[in-house]
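Each reported figure results from applying straightforward, stated rules to the coordinates on display, with no laboratory input. These numbers were taken from a predicted model, which means no experiment stands behind them. Cβ coordinates were reconstructed from backbone atoms using ideal geometry, including for glycine residues, and neighbour counts include every protein chain displayed.
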Amino acid sequence: MQVYIGGANNGKRAYVRQHVVERDVQWIECADYQDLPEARSQTIVLAGVEAFVEHHLNSSEELFIEDFMETLNTYRSQSDVIVIVTENGRGIVPIVAETRELRDRCGRLCQQIFKEATNVTRIWYGLRESLK
């Protein structure tokens, strides 16, 4: 599993699109789903994971992360998986409690995703930096 992380509009999706252009790809924009769809392609790209977390802020965090990772592992057993996440912390603590909770949950989910990833790459202003 490959993970790409970076700030909003820093070129993550464009970078991934360039590298999967010749593949059979199922591109999943997580903001469009309440429940993630089944895998149906050789390569799965999950983009906008933070929006999916936001859809589930009223759920138990532990159960949400467990379910998400289970789905991710199911994808991984069937397909090559690429995850794109927007870094939304960078040390800034939001004033609004719900925004803080979203930032914190995204961070804890990303820790689990990164732990399972074979490669983690930061894309910052179009520049690539390998983290793992």
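Highest GNM mean-square fluctuation, the chain, Cα pairs closer than 10 Å: which of S79, S59, S41?
Looking only at S79, S59, S41, the largest GNM fluctuation is found for S59.
Of Y125, Q34, V53, which is farthest along the charge dipole of the chain in the positive direction, counting Lys and Arg as +1 and Asp and Glu as -1 at C-beta?
Result: Y125.
Compute the projected area of the convex hull of the Cα atoms of the chain, averaged over all viewing directions, and report it in nm² to one decimal place.
Over all viewing directions, the chain projects a mean Cα-hull area of 7.8 nm².
For the chain, what is the charge dipole size about the Cα centre, in debye to the nearest 20, if Lys and Arg each add +1 at the Cβ and Asp and Glu each add -1 at the Cβ?
700 debye
If amide hydrogens are placed 1.01 Å from N in the peptide plane, which non-local residues have theirs closer than 5 Å to the one on V81?
Q2, I44
Taking a ≥ b ≥ c as the square roots of the Cα gyration tensor eigenvalues, with a/c under 1.5 meaning rounded and otherwise prolate when a/b beats b/c, else oblate, which class fits region 1-61?
Oblate is the answer for region 1-61, as a/c is 1.5 or above yet b/c matches or exceeds a/b.
Would you please put 12-24, 92-104 in order of how densely packed they are, using the mean number of other Cβ atoms within 10 angstrom per residue and starting with the highest?
By packing density, highest mean first, the sequence is 12-24, 92-104.
Relative contact order (percent) for the chain, with alpha-carbon contacts under 8 angstrom and 6 or more residues of separation?
The normalised contact order for the chain reaches 39 percent.
Counting Lys +1, Arg +1, Asp -1, Glu -1, what net charge surrounds L63 among other residues with beta carbon under 14 Å of its beta carbon?
Here the charged neighbours net out to -4.
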